[in-house]
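Heads up, the thing below is written out as structure tokens.
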Amino acid sequence: MSFIVENIAKIKGRIKIAAENSDRNPNEIKLLLATKTVSAQNIKIALETGETLIGENKVQELIEKVEILKTIPYQKHFIGHLQTNKIKEVIKYADCIQSVDRFELAEKLQKRLEFENKSIDIFIQVNTSYEESKFGVSPETALDFAQQIKQFDRLNIKGLMTIGLFSAETEQVRKCFRLLKTIQNEMLQRDISVNELSMGMSGDFETAIEEGSTIVRVGTTIFGKRLYPDSYYWTESK
Ligand SMILES: *Cc1c(COP(=O)(O)O)cnc(C)c1O
């Protein structure tokens, strides 16, 4: 059996335990396979275990793998920083963009989607750790931002996404997730339909589940270590 199959089974077990420990239904929590740098062959192994959701960070990688995995049904989310000159390709290949983080991007997405007579699911990315290296709207402006982009009828706002603080101190990381939950509640009160919370990665998904995550994005613990540090993937999209 492939190590990927075993790792997925282990992660699912940990998701279940984290959910039960916080009195949540494990079925409310989706596993997104973070597949940057992972080969199409290895993604196929993961999808054949019954998983149905992947996330890519780079437009070019997304396109190459979608082309190879054409015959398999699965959902593709874009989770990397999106440059406006890549919009056309992303809306062709992705089902959802989790990294909407600025007005200009939302506006250009709307225009292009109108032109193609399509719509797309989106998440608003919030920088809950206040780290400069990370993208996302600031927690203080998130509500205003959501209200502004609500006018764009081709963008279906589904939820919020964040990357927690990189720290071994769980309580500091937890604060990021709790903040995203607070922002979600404020938005829901104002009829912004952010029902999903995409938070938690290999190092912190259990904490994220305890704080209300509905989508955990897991890469390393399933597919192994990547060649480059994450900062490489979080900069401009290639
Ligand atoms: C790479 C990546 C992940 C997964 O990270 P791991 O630590 O490998 O689990 C999750 N979210 C985003 C946005 C990523 O770029």
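Averaging over all projection directions, find the projected area of the Cα convex hull of region 1-134 and quote it in nm² with one decimal place. Don't skip to the end; give the middle numbers.
Values: hull surface 39.6 nm².
Convex hull of Cα atoms, orientation-averaged projection: 9.9 nm².
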Going down the list Lys16/Lys86; Lys65/Lys225; Lys12/Lys88; Lys44/Lys111; Lys70/Lys134; Lys10/Lys118, which pairs span over 28 Å between their C-alpha atoms?
-> Lys16/Lys86; Lys12/Lys88; Lys44/Lys111; Lys70/Lys134; Lys10/Lys118
The size of the Cβ-based charge dipole (Lys, Arg +1; Asp, Glu -1) of region 28-175 about the Cα centre, to the nearest 20 debye, is 380 debye
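Which value, in Å³ per residue, describes the convex hull spanned by the Cα atoms of the chain?
Values: hull volume 28.8 nm³, N = 238.
Each residue corresponds to 121 Å³ of Cα convex hull volume.
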Once you have a ≥ b ≥ c as the square roots of the Cα gyration tensor eigenvalues for region 1-75, tell me rounded if a/c is under 1.5, and otherwise prolate or oblate according to whether a/b is larger than b/c.
-> prolate
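Can you show me the helix-derived [θ] at 222 nm for the chain, built from DSSP H runs with n ≥ 4 at -39,500 (n - 2.57) apiece and divided by the number of residues, rounded to the nearest 500.
Values: 10 runs with 101 residues, N = 238.
Estimated from H runs of four or more residues: -12500 deg cm²/dmol.
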With label points set 7 Å from each Cα along the Cα-to-Cβ direction at Ile68 and Asn27, the distance between them in nm comes to 3.5 nm
Given region 1-44 reduced to its alpha-carbon atoms as identical point scatterers, what log10 I(q)/I(0) does the Debye formula return at q = 0.29 Å⁻¹?
-> -1.03
So which residue, out of Met201, Met187, Met161, gets the largest mean-square fluctuation from a GNM of the chain using Cα contacts under 10 Å as springs?
-> Met187
Using the beta-carbon distance between Glu89 and Arg178 and R0 = 25 Å, what value does 1/(1 + (r/R0)^6) give for FRET efficiency, to the nearest 0.05?
-> 0.10
Residues Val59, Val5, sorted so that the one with the fewest Cβ neighbours within 10 Å comes first = Val5, Val59
Pull out the extension gain between Ser193 and Glu107, defined as 0.36 nm times the separation in residues minus the alpha carbon to alpha carbon distance; nm, one decimal.
-> 29.1 nm
Spacing of the two label points (7 Å from each Cα toward its C-beta) at Asn185 and Glu6, in nm | 4.2 nm
Using θ = phi - 60° and Karplus 6.51 cos²θ - 1.76 cosθ + 1.60, couplings along region 139-154 (whole Hz; Gly, Pro as x) | x, 5, 9, 4, 5, 4, 4, 4, 5, 5, 7, 4, 5, 7, 6, 8
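A short reminder: the numbers here are calculations on the coordinates, not readings from a lab. This one's a predicted model, so the numbers in the text were calculated from it and none came from an experiment. Heads up, the Cβs are rebuilt from the backbone with ideal geometry, glycines too, and the neighbour counts pull from every protein chain shown.
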